[in-house]
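Data block below; observations after.
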Amino acid sequence: MFSQGQSILTRTWAPTQDSPGIRQTYDVRLVVPQDLTAVMSAEMLTPNGEPAEGGHAFRFRMRHPVPIYLMSIAVGDLVFGAVGPRTGVWTEPTVLERGLYECADMETMVRTVEALYGPYRWGRYDVLILPPSFPFGGMENPRLTFLTPTFLAGDRSLVSLIAHELAHSWSGNLVTNAVWADSWLNEGFTSYIEGRVTEALYGEERANMARVLDWAGIQEAIATIPANSQRLHLIGDRGADDSNSAIVYDKGALFLRTIERIMGRTRFDAYLRSLFRPPRLPANDDRNLPRRFPRPRRARRHSA
Ligand SMILES: [Zn+2]
């Protein structure tokens, strides 16, 4: 069993408002059958479960306020394998070995994003490899990315998926679009960072290959979709579930690369680091953590 909250699906199973502009903390106690394990996008307080009527109980805590589309649950015949001191893989026993092989670079990836954009602020970074019925590539649930098993290529050639979901720990989860019409702020920034991680870890050639493919996808989309669907800001009540990924993800990232080229990488990186730093707090202080994407300031009114 697994849940999927983005974009407005958490409201179907939890009595809460789930606009991305609203942040919440949560505490959860789940009772599941004795032979199953529960995991969540949260700190796991009882890794081995504890006695409970009807099975055993798992308790979880998310102490950082998060937009509630990021709250997620999975229950199954799950095992865990460590990749690094704060990274690891949850999955079914028959998948674990392949999962650990594919995710071998995960700890290095976390260090790579930290070197670029500041500390990873969520404690652990684990992934959960789900059965093929999981209908997405990946979902950036905090502390526990949910992944499709189709990224298990056997040669680590599809690990940019992990780079993308990990990057959401900064863009999307720390700083979030206030409304889904601006989902390019989550996905464009994340796709941009994904490219930078690929470049830092696997070299410029591989990163550029992905960028060329993205460019081709953008051209293809622009040739086939109406002009008002080509904008980054989605018009009307269209949201993240009803958008073209070549625009929201790839054109968003391309726009940011354009700014990077104009400003210079050093200055653009400094801007991004400042974006992910909690306001008025030193870099190593995680109080008042995630916040909404800053809205543009109102123009100052001049007296007549
Ligand atoms: Zn994404």
Check your understanding: Looking at A200, A153, which is the one that is modelled with pLDDT of 95 or more, away from the ligand (no atom under 16 Å from the Cβ) and part of a helix (DSSP H, G or I)?
Key -> A200
Practice item. Identify the residue in the range 127-150 that is polar (S, T, N, Q) and surrounded by fewer than 22 Cβ atoms within 10 Å (Cβ to Cβ) and, among all such residues, is farthest from the ligand (Cβ to nearest atom). Key: S133
Check your understanding: Is there a residue in the range 158-169 that is in contact (Cβ under 8 Å) with a residue 40 or more places away in the chain and away from the ligand (no atom under 16 Å from the Cβ)?
Key -> no
Practice item. Determine the pairs where a residue that is farther than 18 Å from S191 by Cα, located within the range 211-230, has a partner that is hydrophobic (A, V, I, L, M, F, W, C) and loosely packed, with under 11 Cβ neighbours inside 10 Å with Cβ atoms under 9 Å apart, the partner being 6 or more residues away or on another chain. Key: N228/I235; S229/I235
Practice item. Determine whether D182 is more than 18 Å from P65 (Cα to Cα), more than 12 Å from the ligand (Cβ to nearest atom) and in contact with a His (Cβ under 8 Å, 6 or more places away or on another chain). Key: yes
Exercise for review: Scan the range 203-235 residue by residue and report those that are of a type in the set (G, A, S) and more than 16 Å from the ligand (Cβ to nearest atom).
Suggested key: G203, A207, A216, A221, A223, A227, S229
Check your understanding: Residues H164, H168: which one is outside the structural domain of I247 (by TED's automatic domain parsing) and surrounded by fewer than 24 Cβ atoms within 10 Å (Cβ to Cβ)?
Key -> H164
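The values are calculated or read from the model by the stated rules, or taken from the named source; none is laboratory data. Remember, it's a predicted structure, so these values are computed and weren't measured experimentally. Glycine also receives a Cβ, built like all others from the backbone with ideal geometry; neighbour counts cover every protein chain displayed.
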